[in-house]
Amino acid sequence: MIKILFFLFIISFYSCVDYSEVPIPSYLYIPDISLNTKPGEGTDSQYFKDVWVFVDDVYYGAYEIPVQIPIGASGLKNVQVYAGVRKNGINSNPTRYPMTAPFEIKLDMQPKMVYTIHPVVSYYDYNKFPFIENFDQSHLFTGDLDLDNLTQVTLSLPEEAFEGNNSGLISLEKEHPLLVAQFATDKIIPSGPNHVYIELNYKSDIGFEVGLYGYSGGQNPVDLIYAHVKAKTEWNKIYFDFTEIIRKNQREKYRIAIRAQYDTTVQLVRQRVLLDNFKLIYQ
């Protein structure tokens, strides 16, 4: 009896709806998104998988691109599109990327019409870039912490590079299984920033880790190499959030660092990691 009453209620409810008042939507089609960089901001390579959409400051949702979105409003509208990433390389963790400003456009949106846009986002002007390494012809990952002179970050052949002349290359084997390297110079990162992210491109036979070493006068350096990167046979880009790590481990200065170890479960005598476009960005 309860189910029948509920069914009758649903019929009665919908019989009262005036469908003539339901707005006919227009549509926003977003096939792609790109990044525009200025001098001092490094590569424009990006892996923005999602877009977060606002129309006249009303949130219309986050979507994986390409996407066509119904917009239940008409007239001249201000459209904002934010870039989205999968934070820390986790597909189930979609995040509006806080380091880039939104793309904005005004559209006169009319019912049934489809409006195609190609958003181009840029980094916020107030971002700081203390570490950028693109491995072109030289690099600064020369701080050797593993005590093995035969495990070093070297330069790839030009034909192996992600872009530019070279990429970084790590090569490990059973007799020389560990690399721990850090930047040759240190930089200040404020103890209470709004956001801190590390970006990089990579291709790797094995998993590896990236992060920081923190330094304060008279104290041993603290190991903050916390971000794990899974093996990828094709070039990929990843975004790691280090905001809380910096807040909890307040140090005077930092150096970006990488750790890779020979994996006995991988059936390769020589295991390689290719790296490019390291960036640490904070606000």
Worksheet item: Roughly how many nanometres apart are two label points built 7 Å out from the Cα toward the Cβ at Y47 and H195?
Response: 1.8 nm
Worksheet item: Hey, which lysines would be in cross-link range of K279, C-alpha to C-alpha under 17 Å, not counting anything within fewer than 8 residues on its own chain?
Response: K38, K87, K128, K187, K203, K237, K253
Discussion item. Quick check: residue separation of I245 and N220 times 0.36 nm, minus the Cα distance between them. What number comes out in nm?
Written reply: 7.3 nm
Practice prompt. Relative to the compact-globule scaling 2.2 N^0.38 Å, provide the ratio for the alpha-carbon radius of gyration of segment 22-123.
Written response: 1.11
Worksheet item: Taking a quarter of the surface of the Cα convex hull of segment 109-162, what do you get in nm²?
Response: 8.6 nm²
Worksheet entry | Relative contact order [Cα under 8 Å, 6+ residues apart], segment 128-282, whole percent | 35 percent
Item to complete: Note the full-extension length gain between A73 and E173 as 0.36 nm times their separation in residues minus their Cα-Cα distance, in nm to one decimal.
Response: 30.0 nm
Item to complete: Please build a GNM for the chain, connecting alpha carbons under 10 Å apart, and tell me which residue among Y126, Y226, Y262 fluctuates the most.
Response: Y126
Worksheet item: Taking Cα atoms, how many degrees apart are the long axis of helix 2-15 and the longest axis of the chain, rounded to 10 and kept between 0 and 90?
Response: 70 degrees
Worksheet entry | Loop GluC sites (Glu not before Pro), segment 137-239, which have at most 10 other Cβ atoms in a 10 Å radius of their Cβ (DSSP) | E175
Response to the item:
One would report the Cα pair-distance distribution of segment 158-283, bin width 5 Å, in %, as 2, 10, 20, 21, 18, 14, 9, 4, 1
Worksheet, complete the sentence: Eigenvalues of the alpha-carbon gyration tensor of the chain, times 5 and square-rooted, give semi-axes in Å, largest first, of 46, 21, 20
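Values in this text are rule-based calculations from the coordinates and carry no lab data. Only a predicted model underlies this, so the values are computations on that prediction, with no experimental measurement involved. Cβ sites come from the backbone with ideal geometry, for glycine too, and all protein chains shown count toward neighbours.
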